[in-house]
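Here is the structure we will look at, set down as structure tokens.
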């Protein structure tokens, strides 16, 4: 099977799967280090959630296209992983079917064009399904500025100054939100499962939205 996958006619699909694996490994590694590659990528992109919601509510075809593709429903990097996975798998399956009938492979560009057109709607379906289960970092109904003074819990990694970790909190509506957090004070660390209180928010080009926190205390008042 490996010999078949690396044939010239499967080049684009092999590369797509290889890139998908590399991105997946990098995302997992970043999560183990207490950050999120997908969150970093999203911090450099426009707020697609707001754009999609606004376009869907207006008679704009752009909103329908965004919704169809799943843009704004899942992190952009996850959407890319879904696309690369589907493109690679469907392309190889298509060439495998052709090869079983004719004993040869179709030109890669020809199969790529057809598989691309098939992948887009399938990707949108996957994104809409996954989007219902994935936690959102923010919603149009709640501003991140309202998280100041709210209790949160470190979920993955250890939060240190200069090395933020992801934390989970609930808003007044019971909706989970995930934010990147560093200790407010030097020399403090928050290991996984630490309860903290968000004290300050800053927006940076490198890290996007970043919160600074102090350890949670039952008697704490802001």
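Sort 151, 166, 200 so that the residue with the fewest other Cβ atoms within 10 Å of its own Cβ comes first and the one with the most comes last.
The fewest-first ordering by Cβ neighbours comes to 200, 151, 166.
Counting DSSP beta bridges in segment 144-215, what percent are antiparallel, to the nearest 5?
In segment 144-215, approximately 85 percent of DSSP beta bridges are antiparallel ones.
For each of 84, 32, count neighbouring Cβ atoms within 10 Å of the residue's Cβ, then give the residues from fewest to most.
Going from sparsest to densest Cβ surroundings: 32, 84.
Give the order of 119, 102, 24, 125 when sorted by the count of other beta carbons within 10 angstrom, beginning with the fewest.
Result, fewest neighbours first: 102, 125, 24, 119.
None of the figures in this text is laboratory data; all of them are computed from the coordinates on show. Since we're looking at a predicted model, the values are computed, not measured. Because the Cβ atoms are built from the backbone with ideal geometry, glycine has one as well, and the counts that use them run over all protein chains shown.
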